[in-house]
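See structure below.
The values are calculated or read from the model by the stated rules, or taken from the named source; none is laboratory data. Bear in mind that the values here come from a model prediction, so they are computed numbers and not experimental data. Glycine also receives a Cβ, built like all others from the backbone with ideal geometry; neighbour counts cover every protein chain displayed. Remember, those area values only see protein heavy atoms, side chains included, never the ligands or the DNA or RNA. Shrake-Rupley method; radii C 1.70, N 1.55, O 1.52, S 1.80 Å.
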Amino acid sequence: HWVIQPQACWLRSLGLQPNEWADATADLDPAELDERQRSRLLREALEEASGGQDGSPAHLEQAGTWLSRQRGQGLLPPQGGGELEAALLAQRWADLHSGLEPLGPPSWRLASWAGLEEELTWWGNTVAVIQPARARARHRLDLWLQLLLAAAAEQEPQAGVLIARGERGFGTQLRLVAPGAAAARAELERLLALREAWRLPCWPVPPDTGWTFLERGKEKAIGRWEGGAMERGEREDPAQALCFGHDLPGELLIGADFADRASELLGPLLERVG
């Protein structure tokens, strides 16, 4: 939890529970779903498929199936709006699986090492994280941790992939080359030590802004933090607003040691992008 969302984890340690999203005024008769609702429906379908150990997407590749699936639930818009949403969900479901099927058949394996344990999703010899919405830093870090655990447990993964929505639909948004067992264990030990060192003070690098800084530079990182007409700034996230202030300028956030701290957490991950 600390690696993926260090600020939210720190706030929880203080007994604070900021909401991830501000409550919006409900539309009593919406003509379409919003992205969070679409992601929720796709995530529920993925969880059902995983629970049944069934990697076949065929039963959800038709729009009519999505309409039947949600009948009586009150989630899809009425009439033509529901048909359009069902077609969109069917397309996204097919895109999700088209990125996974070439990797091999799905499987689920429990990985354990030094008190760390997680059931991991595999497609062939690749560890996979599936995110029905857009990829964010926490999803990339989640993939990194899962890949490290699989390697540390000597399950010999070849790679890790993050399947999420990008600019051109669903597909592989990140691919990581797996480290060897010894290197994975050393990195997990380093991350555990980093968490202990920052248990009391708040980690000074917001995840998405730090990722953008290392990948695209300071100017883009400031834009990611402050937001704009087309993008919600990370500083508007309740946890980040509580830790740093919702009106903190990016120039003040990205101080002298920002690059070093961002590299300390994210650098080893970026070295494995391939």
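Might you let me know whether segment 126-137 holds any residue that is in a helix (DSSP H, G or I), among the basic types (Lys, Arg) and open to solvent by less than 60 Å² (accessible area, probe 1.4 Å)?
No, segment 126-137 contains no residue that is in a helix (DSSP H, G or I), among the basic types (Lys, Arg) and open to solvent by less than 60 Å² (accessible area, probe 1.4 Å).
When you scan segment 162-188, how many residues do you find that are of a type in the set (Asp, Glu) and either in a helix (DSSP H, G or I) or within 26 Å of LEU116 (Cα to Cα) (or both)?
Qualifying residue count for the region: 1.
What are the residues in segment 218-244 that are within 26 Å of LEU14 (Cβ to Cβ), open to solvent by less than 20 Å² (accessible area, probe 1.4 Å) and not charged (D, E, K, R), if any?
Correct list: TRP225, GLY233, ALA239, GLN240.
Kindly indicate which of ARG165, ARG235 is in contact with a Phe, Trp or Tyr (Cβ under 6 Å, 6 or more places away or on another chain) and more than 20 Å from VAL3 (Cβ to Cβ).
Of ARG165, ARG235, the one residue that is in contact with a Phe, Trp or Tyr (Cβ under 6 Å, 6 or more places away or on another chain) and more than 20 Å from VAL3 (Cβ to Cβ) is ARG235.
Tally time: how many residues in segment 113-140 are polar (S, T, N, Q) and touching an Asp or Glu at 6+ places or on another chain (Cβ under 8 Å)?
Counting residues in segment 113-140 that are polar (S, T, N, Q) and touching an Asp or Glu at 6+ places or on another chain (Cβ under 8 Å) gives 1.
I need a count of the residues in segment 86-105 that are at pLDDT 85 or above and under 19 Å from GLU44 (Cα atoms).
Summing the residues that are at pLDDT 85 or above and under 19 Å from GLU44 (Cα atoms) in segment 86-105 gives 0.
Do you know which residues across segment 245-256 are over 18 Å from PRO18 (Cα atoms) and either among the small types (Gly, Ala, Ser) or open to solvent by 80 Å² or more (accessible area, probe 1.4 Å) (or both)?
Within segment 245-256, GLY250, GLU251, LEU252, GLY255, ALA256 qualify.
Scanning segment 106-150 for residues that are over 30 Å from THR209 (Cβ atoms) and among the charged types (D, E, K, R), which turns out modelled with the highest pLDDT?
Filtering segment 106-150 for residues that are over 30 Å from THR209 (Cβ atoms) and among the charged types (D, E, K, R), the one modelled with the highest pLDDT comes out as GLU117.
Among the residues of segment 198-209, is there at least one that is open to solvent by 50 Å² or more (accessible area, probe 1.4 Å), touching a residue at least 12 places away in the same chain (Cβ under 8 Å) and in a helix (DSSP H, G or I)?
No, that holds for no residue.
Buried (at least 17 other Cβ atoms within 10 Å of the Cβ) and over 18 Å from LEU143 (Cβ atoms), is that true of ARG272?
No, not satisfied.
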